[in-house]
Amino acid sequence: MKSIYDKKDLEKFLEKQGYGHRELRRARRLLFREFEPLESIPESEKVLPALEKNFKASFLKLISRMDSNIDGATKLLFETYDGKQIETVILRINTGRTSICVSSQVGCSEKCTFCATGAMGFLRNLSYSEILDQIVHAGRILREENRKLRNIVFMGMGEPLRNYTNLEKSLELLLDGSAFQFAHKFITISSSGLPDLMLKFSKRFPQVGVALSLNAADDETRVQVMPVNDKFPMKVLRETLEEIEDVRQSGVMIEYIMFKDVNDSLQDAKKVAEFLRGLDVHINLIPYNPDLSDVKGFFASNPEDIIAFQDYLKDEGYKVTRRFSLGQDIAAACGQLANNETIEK
Ligand code: SF4
């Protein structure tokens, strides 16, 4: 059966059935903006029962939902058609903004040593329909709360650029003014640092946010936390950032997870400042989530060290923010997305 997220097939089908522009618009609005499940569309909506019979509209089964007791995070655990499990996180920020952290793969091939998903290994890429289904499920939950989904970040399970084709297809529909209609600037993809793919993506979607997970100040440290650095060392990343800056219409986000006694000294801050000198970047310092640190051997930096690190970079003229990591009590924070069943295998 065809995917409901294949807009061309959807339009072709509706046109063939004799539906006009009005019905087409209505179908798109109900499905992609109001996140209405096909089965709950009233009979009076004559266009949609026809769709239900001809299109597959659900690609993930929601098997559990965990709401944080301490902040506005919700972790959704989904099962795929082949029995795999993936996680998606809704982040309700105090300001009223709502973000969703989307997974792009089951597991991940990058094996970052601090990351729960990396410990799973790579199982498979998610299809574009599975990527979009995470957004639709979250959109339905938020709709019931009268909240609107604004930001989409591809920072869940997986390296999104390793699943380029499905990432591209899902973004095309997310950005399409006659489908999901999200603003370019409110979507960000995060990469572990794959130069060619980062550049290719930046050329294809110059207005979509790009984040580089830097997480270390020198090659020696970076290769320990992110093995991908062996193949693409920081010198190559620096050249890539320069090339990306030439094609993008805004700067790149630099993400820096702070690990106690690994990458959080003032000497490290100095090296980061030197590495990024002259680039249009925004640095986001992310406190490492301590919940899994005894498993991984990483520990959270002291808050005062993070502040000193931030102050140093600010004094050097950088835009630097500290991310408040939501969802710590439900293992939904950075580097923690992995269902336990899979980790234990
Ligand atoms: S941090 Fe990202 S790229 Fe690295 S293993 Fe985890 S999911 Fe993969």
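The values are calculated or read from the model by the stated rules, or taken from the named source; none is laboratory data. Values in this document were obtained by computation on a predicted structure and should not be read as measured data. Backbone-built Cβ (ideal geometry, glycine too); neighbour counts: all protein chains shown.
Keeping to region 145-155, report how many residues are under 21 Å from PHE32 (Cβ atoms), within 16 Å of the ligand (Cβ to nearest atom) and among the aliphatic types (A, V, I, L, M).
Residues of region 145-155 that are under 21 Å from PHE32 (Cβ atoms), as a first pass: 145-154.
Then keep just the ones that are within 16 Å of the ligand (Cβ to nearest atom); that gives 153-154.
Those left that are additionally among the aliphatic types (A, V, I, L, M): 153.
Of the residues in region 145-155, 1 are under 21 Å from PHE32 (Cβ atoms), within 16 Å of the ligand (Cβ to nearest atom) and among the aliphatic types (A, V, I, L, M).
Pull out all pairs, ordered by first then second residue, where Cβ-Cβ is under 8 Å, the residues are six or more apart or on different chains, the first lies in region 61-77 and is farther than 16 Å from GLY156 by Cα, and the second is at pLDDT 90 or above and surrounded by fewer than 17 Cβ atoms within 10 Å (Cβ to Cβ).
LYS61/GLU79; ILE63/GLU79
Checking the condition closer than 24 Å to CYS115 by Cα and of a type in the set (S, T, N, Q), which residue from GLN224, GLN249 passes?
Unique residue meeting the criteria: GLN224.
Taking the options LYS12, LYS84, name whichever one is surrounded by fewer than 20 Cβ atoms within 10 Å (Cβ to Cβ) and not assigned by TED's automatic domain parsing to the domain that holds ALA179.
One residue alone meets the criteria, LYS12.
Can you name the number of the only condition in (1) within 16 Å of the ligand (Cβ to nearest atom); (2) on the phi < 0 side of the Ramachandran plot; (3) of a type outside the set (S, T, N, Q); (4) under 14 Å from the mean Cα position of the chain (by Cα) that GLY158 fails?
Here GLY158 meets the rest and fails (2).
Residues that are more than 10 Å from the ligand (Cβ to nearest atom): list the strands (runs of 3 or more DSSP E) wholly contained in region 74-131 that include at least 3 such residues. Before you say what the answer is, go through the steps one by one.
Working: elements: 85-92, 98-101, 105-107, 122-125.
It comes to 85-92, 98-101, 122-125.
What's the total number of residues in region 143-159 that are under 14 Å from ILE100 (Cβ atoms) and either modelled with pLDDT of 95 or more or crowded, with 21+ Cβ neighbours inside 10 Å (or both)?
Qualifying residue count for the region: 6.
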